[in-house]
Amino acid sequence: MPTPGAKAVVDRFLALQREMYAGGDLEAVAELLAEDVVWHVPGTSPIAGDHRGRGAVIEYFRARRELAGGTMEIVKRDEMHDHEVVVQLADGRSPALGEWRTAGVYRVADGKLAEAWLVPLDLEHFDAVWSGQGRRAST
């Protein structure tokens, strides 16, 4: 059976992510992650770091959900992709934290998310938001 392309995997992940960040099940998201997935988040906020392995990435998602009080929303603005990589511009918001803007780079291998880079468009603001000091729209 052929493995799904990068766009199909990332689209499925993003649909499940919306549910997950609203308090939904983490297991369906975990199934889309490679066992040795790495999730890169720059900065100094509580969610920053290189999260290595499925368990660590799920803990990162759980921490984001907790910090956002289960109220986080990600709105896709634009994207480009090929068979292995999806690059997406997105705006995030949470009444508990504020708003932020990012580019997400997702690499897919064997039908699973293998690596992701979260690239804040304003790192200082992103760190402030995720450290509980946000509450303004980033430019």
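The values are calculated or read from the model by the stated rules, or taken from the named source; none is laboratory data. All values reported here derive from a predicted model rather than from experimental measurement. All Cβ positions, even for glycine, are placed from backbone atoms using ideal geometry, and neighbour counts span all protein chains on display. When the accessible area is computed, the model is the full protein with side chains, heavy atoms only, and any ligands, DNA or RNA have been set aside. Shrake-Rupley method; radii C 1.70, N 1.55, O 1.52, S 1.80 Å.
Report in % the part of the accessible area of the chain that belongs to carbon and sulfur, leaving out ligands and nucleic acids; probe 1.4 Å.
51
Compute the distance in nm between two label points, each set 7 Å from the Cα along the Cα-to-Cβ direction, one at Asp50 and one at Asp91.
Output for this residue pair reads 3.3 nm.
Where the only charges are on Cβ atoms (+1 Lys, Arg; -1 Asp, Glu), what is the dipole of the chain about its Cα centre, to the nearest 20 debye?
With only Lys, Arg, Asp and Glu charged at Cβ, the dipole is about 340 debye.
Grab the beta carbon distance between Ala8 and Gln133, set R0 = 41 Å, and tell me the FRET efficiency rounded to 0.05.
So, using R0 = 41 Å, E works out to roughly 0.65.
If you place +1 on the Cβ of every Lys and Arg, -1 on the Cβ of every Asp and Glu, and leave all else neutral, what size is the dipole of region 18-73 about its Cα centre, to the nearest 20 Debye?
200
Considering only protein heavy atoms, with the full assembly of protein chains and a 1.4 angstrom probe, order Thr71, Thr102, Thr44 by accessible area, largest first.
Final ranking, largest accessible area leading: Thr44, Thr71, Thr102.
Determine ³J(HN,Hα), in whole Hz, for all residues of region 6-23 in sequence, where each value follows from phi through the Karplus function 6.51 cos²θ - 1.76 cosθ + 1.60 and θ = phi - 60°; x replaces Gly and Pro.
Karplus-based 3J(HN,Hα) across region 6-23 equals 4, 4, 4, 5, 5, 4, 5, 4, 5, 5, 5, 4, 4, 5, 4, 6, 8, x Hz.
What's the extension gain from Glu35 to Val119 if we count 0.36 nm per residue and subtract their Cα-Cα distance?
So the chain would gain 28.0 nm between Glu35 and Val119.
Count charges around Val86 for me, please; just the other residues with Cβ under 12 Å from its Cβ, Lys/Arg as +1, Asp/Glu as -1.
Surrounding charge for Val86 is -2.
By how many degrees, between 0 and 90 and to the nearest 10, does the Cα long axis of helix 54-67 differ from the longest principal axis of the chain?
30
Quick check for you: with a 1.4 Å probe and neighbouring chains kept, what is the accessible area per residue of the chain, in Å²?
Ligands and nucleic acids excluded, the result is 51 Å² per residue.
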